[in-house]
Amino acid sequence: MNQLYREIAEQPEVFRRIATTYVNEATLASWYEDHPGTIYLTGMGSSLFAAYPAYLYLLSRGFPVVYIDASELLHYGLQGIRDVDTLVLLSQSGESYEVLEILNRLPSRPKTLAFTASPKSTLARRVTKAIDILSGTEYAVTATKTHTATLVTLNLWAMAQAKDKKAFLHASLDLELLAEEAERLIRTSPEWTKKTLKSLEFAQGAETKVLIARGPALSSAWHGCLLMYECAKETFLGFSGGQFRHGPLELAVKTMFAIVLALPGKTQELVVRLTQELAERGVGVLLVGATLDERYNLKVLPLHFPNEYFAPALSVIPVMLLAYTMAEEKGIEPGKAFLIQKTTLRE
């Protein structure tokens, strides 16, 4: 068990720690603020991907909210941020170059909020308010527990902004179930990851590999690609299920392997339908979340978790474990990087 696997295995405890610390009426009251302006959610890499469920949650409740890559906001969007707006900055290290440079160049004085694993970082010291995601320090280059902790904590914050007291206080039960399901996946991973890869032997040799999801689960698809790049040194393309039909579906004329995340929610049935079509075309598919009858080229990993917005913190764990196993089988130390560092300090 190397450092990366240890950090994957720590996630259930992180979920419980977040629930114990933050899911109470005092936290709800302290996190709620009036937002007469626009909420900007910005960060880089896994931190940004973790914000997508909260973005959709706020968007679906009528909030003016922007989800944007920090490197693009830095060069193209700062003039649009007003004093009445709220700028939510996401950085696990609290030292990411683009996020800090946004603060250096802001022409206005919006309320600034940081979500970080480093409460003593430069970012935490410079914002109006810093929220500790309670993951503890993450040492492996590949983000695991910091990604899911950011996602969960941001969801709680979004519920507080929407005054969704019932959902907020119910989150204790949601996060306990999330922890239990994560423990099950991690405990059984040596068996199911190798079995899955063996039963889809052509997966690593496929000409095209894709990760597909819709709704909040898109965060897991995007981060899943990053996991495959960094950990397994495998090239995966990430698509929303809707966008996949608008052109990328043509890639299925080649040998293809698809990891499809079909989580509970408004679009689950659409994703399941796409999975069936891909399997019928001969594409090798690992379906995560929903249940279908297996066949030689379709393997299914059901997940039993109903909350649409927290579910991506669970669905990304199988991808973490698959990337870990793929790296091991290729003789690569999982989570070891050759060209990048844990924190990006220059543009």
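The values are calculated or read from the model by the stated rules, or taken from the named source; none is laboratory data. In this text the structure is predicted, and so the values were computed from the model without any measurement. Cβ placement follows ideal geometry from the backbone for every residue including glycine, while neighbour counts extend to all protein chains displayed. All accessible areas refer to the heavy atoms of the entire protein, side chains included, with ligands and DNA or RNA removed. Shrake-Rupley method; radii C 1.70, N 1.55, O 1.52, S 1.80 Å.
Going by the structure shown, is Ala130 touching a helix residue (DSSP H, G or I) at 6+ places or on another chain (Cβ under 9 Å), outside any helix (DSSP H, G or I) and open to solvent by 10 Å² or more (accessible area, probe 1.4 Å)?
It is true that Ala130 is touching a helix residue (DSSP H, G or I) at 6+ places or on another chain (Cβ under 9 Å), outside any helix (DSSP H, G or I) and open to solvent by 10 Å² or more (accessible area, probe 1.4 Å).
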>> Could you list, ordered by first residue, the pairs with Cβ atoms under 6 Å in which the first is in segment 239-255 and under 12 Å from Lys209 (Cβ atoms) and the second is of a type outside the set (Ser, Thr, Tyr) and in a helix (DSSP H, G or I), at least 6 apart or interchain?
In response: Phe239/Pro248
> Take the residues of segment 308-337 that are of a type outside the set (A, V, I, L, M) and open to solvent by 30 Å² or more (accessible area, probe 1.4 Å): which is nearest to Phe49 (Cα to Cα)?
Replying inline: Tyr309
> Just for segment 90-99: of the residues that are surrounded by 19 or more Cβ atoms within 10 Å (Cβ to Cβ) and not hydroxyl-bearing (Ser, Thr, Tyr), which one is farthest from Glu33 (Cα to Cα)?
Replying inline: Glu98
> Name the pairs: first residue in segment 10-30 and over 19 Å from Thr137 (Cα atoms), second residue surrounded by fewer than 19 Cβ atoms within 10 Å (Cβ to Cβ) and among the aromatic types (Phe, Trp, Tyr), Cβ to Cβ under 8 Å, at least 6 apart or on different chains?
Replying inline: none
> Based on what the data block shows, is Val260 crowded, with 22+ Cβ neighbours inside 10 Å and either without any contact (Cβ under 8 Å) to a residue 24 or more places away in the chain or within 21 Å of Thr148 (Cα to Cα) (or both)?
Replying inline: yes
> Among (1) modelled with pLDDT of 95 or more; (2) within 26 Å of Val99 (Cα to Cα); (3) open to solvent by 20 Å² or more (accessible area, probe 1.4 Å); (4) part of a helix (DSSP H, G or I), which single condition is Leu74 missing?
Replying inline: (3)
